[in-house]
């Protein structure tokens with residue numbers, strides 16, 4: 001029996017990472033498409049979604065579910081207003097950027113959890129560490145600040161003395177290298193890597 005969002009949120013409140021993984025996988029692709037269609041900005045989309053999932057993990061009580069126990073309508077409404085906030089904060093039109101078709105690829109929950117069950121998470125972390133060992137010093141620092149320490153783009157840029165665009169580019173470069181490293185061994189590497197990154201963030205929060 002599929003667990004409702006309400007059931008998953010209750011488990012997340014108790015620190016259940018599997019429940020978080022299930023909720024994340026259930027909505028990530030559809031929310032990504034919805035936000036990107038409005039912003040037409042890959043980096044803005046990723047940052048808005050990262051902020052959402054961090055908030056879900058840290059404070060699942062904020063999520064509202066409907067009478068059937070699902071939060072789909074709330075998530076879409078919530079992200080709609082976060083996009084509006086992003087436009088207001090920017091005081092200008094967000095720049096259109098190219099996005100690979102891979103980023104919009106549909107991946108079923110069944111396929112995802114099959115991957116997750118068949119492969120040891122620690123092995124995937126090892127592959128990620130191999131990539132981080134090979135990248136530049138700046139890329140390592142950007143990854144550490146943005147992913148492990150959950151710093152914003154602006155905070156990271158200020159700490160490193162670089163532009164926001166440089167932070168975007170360096171992080172995207174690292175994540176692309178990680179996906180390329182993982183892809184030969186695992187299917188649907190984009191979702192697996194993104195999920196592992198979130199788990200890494202939350203492991204450091206606890």
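Every read-out reported here was derived from the displayed coordinates using simple, explicitly stated rules and does not represent laboratory data. Quick caveat: nothing in here was measured; it's all calculated off a predicted structure. Counting neighbours? That spans all protein chains shown, and the Cβs are built from the backbone with ideal geometry, glycine included.
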Take the Cα of residue 89, step 7 Å along the line toward its Cβ, and report every residue of the range 153-177 whose backbone nitrogen sits under 20 Å from that point.
153-172
Report the FRET efficiency, 1/(1 + (r/R0)^6), for residue 2 and residue 148, where r is their Cβ-Cβ distance and R0 is 25 Å, rounded to 0.05.
0.15
Roughly speaking, what % of Cα-Cα pairs in the range 1-101 are separated by over 24 Å, rounded to a whole number?
26
Quick check on the exposure proxy: order 30, 21, 173 from fewest to most C-beta atoms within 10 angstrom.
30, 173, 21
Separation of the residue 176 and residue 136 label points, Cα + 7 Å toward Cβ, nm
1.3
